[in-house]
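Below: one structure, written as structure tokens.
The values are calculated or read from the model by the stated rules, or taken from the named source; none is laboratory data. Only a predicted model underlies this, so the values are computations on that prediction, with no experimental measurement involved. Glycine also receives a Cβ, built like all others from the backbone with ideal geometry; neighbour counts cover every protein chain displayed. SASA here: full protein model, heavy atoms, side chains in, ligands and nucleic acids out. Shrake-Rupley method; radii C 1.70, N 1.55, O 1.52, S 1.80 Å.
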Amino acid sequence: MAFREVNSKMIEATVVPGQRLFSQRGAMIAYRGEVSFTPSVTGGQGGVMSMIGRRVAGEATPLMTVEGSGTVMFGHGGHHVQVVTLSGETLYVEADRLLAFDGTLEQGTMFMGSQGGVMGLVRGQVTGQGLFTTTLKGHGAVAVMAHGGVIELPIAPGRPVHVDPQAYVAHRGDVRNKLSAALGWRDMVGRGSGEAFQLELSGSGAVYVQASEEKL
């Protein structure tokens with residue numbers, strides 16, 4: 001099930017019998033046809049344990065199950081919408097940035113510290129982002145939200161990408177993250193994250209960054 005970008009802040013999805021998608025509650029703008037919207041108990045193919053994991057992580061962002069036959073337009077809060085197409089790899093994204101995604105994708109929760117070690121924990125504290133990140137894996141499309149537009153930066157072996165943690169939206173592929181201090185601790189007193197910290201992503205895949213550091 002593909003998403004069609006209507007404009008930079010709205011997408012349209014075709015819903016067909018026997019398939020379903022999930023959307024953030026309150027994201028439906030309009031629809032045509034016989035389409036139903038029901039609260040999701042498990043949210044994707046992660047099952048009950050995935051739901052429990054998200055609640056423990058503080059990422060119990062309400063999801064709606066969308067089924068039926070017709071077309072649905074989604075958007076939320078006037079945020080920029082970026083569609084990411086997965087071909088078997090895993091997308092890592094904060095739960096509150098998810099606008100909609102294919103029901104065929106397997107949803108889970110990852111503890112940020114498992115990738116970034118201690119600095120992964122520091123990242124969560126400094127940026128205000130959760131220490132847990134939602135994962136979506138498989139073949140399908142995901143629509144994520146951001147401020148001021150999104151750009152995709154490729155990550156290749158031996159060519160890591162450094163981004164401001166506040167500008168980070170999501171990443172996909174076989175990627176490791178590490179937060180480092182660009183300034184000395186003494187220099188960072190009284191500063192926000194900004195350029196004082198840099199998130200280094202290495203491996204093979206891509207990272208999505210937003211033009212504005214404003215939080216959702």
Query raised in the report: Scanning segment 93-114 for residues that are in a helix (DSSP H, G or I) and either open to solvent by less than 20 Å² (accessible area, probe 1.4 Å) or more than 19 Å from LYS178 (Cβ to Cβ) (or both), which turns out modelled with the highest pLDDT?
Result: ARG97
Query raised in the report: Does at least one position in segment 29-49 carry a residue that is at pLDDT 95 or above and buried (at least 18 other Cβ atoms within 10 Å of the Cβ)?
Result: yes
Requested in this report: Identify, by number, the condition in (1) within 20 Å of ALA211 (Cβ to Cβ); (2) buried (at least 17 other Cβ atoms within 10 Å of the Cβ) that GLY77 doesn't meet.
Outcome: (2)
Query raised in the report: How about segment 152-173: which of its residues are open to solvent by 20 Å² or more (accessible area, probe 1.4 Å), in contact with an Asp or Glu (Cβ under 9 Å, 6 or more places away or on another chain) and not in a strand (DSSP E or B)?
Result: PRO160, ASP164, GLN166
Query raised in the report: Out of the residues in segment 119-151 that are open to solvent by 20 Å² or more (accessible area, probe 1.4 Å) and of a type in the set (Gly, Ala, Ser), which is modelled with the highest pLDDT?
Result: GLY148
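So, in segment 59-92, how many residues would count as being of a type in the set (Val, Ile, Thr) and modelled with pLDDT under 90? Let's see the steps before the verdict.
From segment 59-92, those of a type in the set (Val, Ile, Thr) are 61, 65-66, 71-72, 81, 83-85, 90; that's our starting set.
Filter once more, keeping what is modelled with pLDDT under 90: 61.
Within segment 59-92, residues that are of a type in the set (Val, Ile, Thr) and modelled with pLDDT under 90 number 1.
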Report task. Kindly provide the set of residues from segment 1-28 that are buried (at least 19 other Cβ atoms within 10 Å of the Cβ) and in contact with a Leu (Cβ under 8 Å, 6 or more places away or on another chain), ordered by number. Result -> ILE11, ALA13, VAL15, PHE22, SER23, GLN24, ALA27
